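Student: Supplied in structure tokens, the structure appears directly below.
The values are calculated or read from the model by the stated rules, or taken from the named source; none is laboratory data. Everything numeric in this text was worked out from a predicted model, so none of it was measured. Cβ sites come from the backbone with ideal geometry, for glycine too, and all protein chains shown count toward neighbours.
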């Protein structure tokens, strides 16, 4: 399972994904901080990585058709905070890991 974290995600999310067995890159690791959404989408598609983000722009299936990406996960906790995002990711990881186990 291969993932990439958008700059909107806390750094601790990479630690959580790696602990769950994901090969996880971040936009900061690759010098993509501040990259336009379309560029980030292209990189994720080329690298066959699931994108994890808080950015609602990635939820637009007209701009990011699901069939063209391994996956895009847009996390939206009710009260946005680092802890809320990490808690939501922790709860979602078992389901997400089983969904993308073959990637």
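Student: Can you name the residue in the range 16-47 that is more than 23 Å from residue 65 (Cβ to Cβ) and in contact (Cβ under 8 Å) with a residue 40 or more places away in the chain and, of all such residues, is surrounded by the most Cβ atoms within 10 Å (Cβ to Cβ)?
Tutor: Among those that are more than 23 Å from residue 65 (Cβ to Cβ) and in contact (Cβ under 8 Å) with a residue 40 or more places away in the chain, it is 17.
Student: Something else now. Regarding the range 73-83, can at least one residue be identified that is in contact with a strand residue (DSSP E or B) (Cβ under 9 Å, 6 or more places away or on another chain), part of a loop (DSSP other than H, G, I, E, B) and modelled with pLDDT of 95 or more? Please lay out each step first, then the result.
Tutor: Keep residues of the range 73-83 that are in contact with a strand residue (DSSP E or B) (Cβ under 9 Å, 6 or more places away or on another chain), which gives 73-75.
Remaining after also requiring part of a loop (DSSP other than H, G, I, E, B): 75.
Next cut, modelled with pLDDT of 95 or more only: 75.
Within the range 73-83 (the criterion being in contact with a strand residue (DSSP E or B) (Cβ under 9 Å, 6 or more places away or on another chain), part of a loop (DSSP other than H, G, I, E, B) and modelled with pLDDT of 95 or more), the answer is yes, since at least one residue qualifies.
Student: So residue 13 passes all but one of these: (1) crowded, with 16+ Cβ neighbours inside 10 Å; (2) farther than 16 Å from residue 71 by Cβ; (3) in contact (Cβ under 8 Å) with a residue 60 or more places away in the chain. Which condition number does it fail?
Tutor: (2)
Student: Kindly list the number of the only condition in (1) touching a residue at least 60 places away in the same chain (Cβ under 8 Å); (2) within 13 Å of the chain's Cα centre (by Cα) that fails for residue 4.
Tutor: Among (1) touching a residue at least 60 places away in the same chain (Cβ under 8 Å); (2) within 13 Å of the chain's Cα centre (by Cα), the lone unmet condition for residue 4 is (1).
Student: Ok, one more. Do you know which residues across the range 1-16 are more than 13 Å from residue 88 (Cβ to Cβ) and in a helix (DSSP H, G or I)?
Tutor: 14, 15
Student: Further question on the same structure: Could you please let me know if residue 70 is touching a residue at least 60 places away in the same chain (Cβ under 8 Å) and surrounded by 16 or more Cβ atoms within 10 Å (Cβ to Cβ)? Step through it out loud before you land on a result.
Tutor: Working: touching a residue at least 60 places away in the same chain (Cβ under 8 Å): yes; surrounded by 16 or more Cβ atoms within 10 Å (Cβ to Cβ): yes.
It is true that residue 70 is touching a residue at least 60 places away in the same chain (Cβ under 8 Å) and surrounded by 16 or more Cβ atoms within 10 Å (Cβ to Cβ).
Student: Scan the range 38-57 and give yes if some residue there is touching a strand residue (DSSP E or B) at 6+ places or on another chain (Cβ under 9 Å), in a helix (DSSP H, G or I) and under 16 Å from residue 93 (Cβ atoms), otherwise no.
Tutor: no
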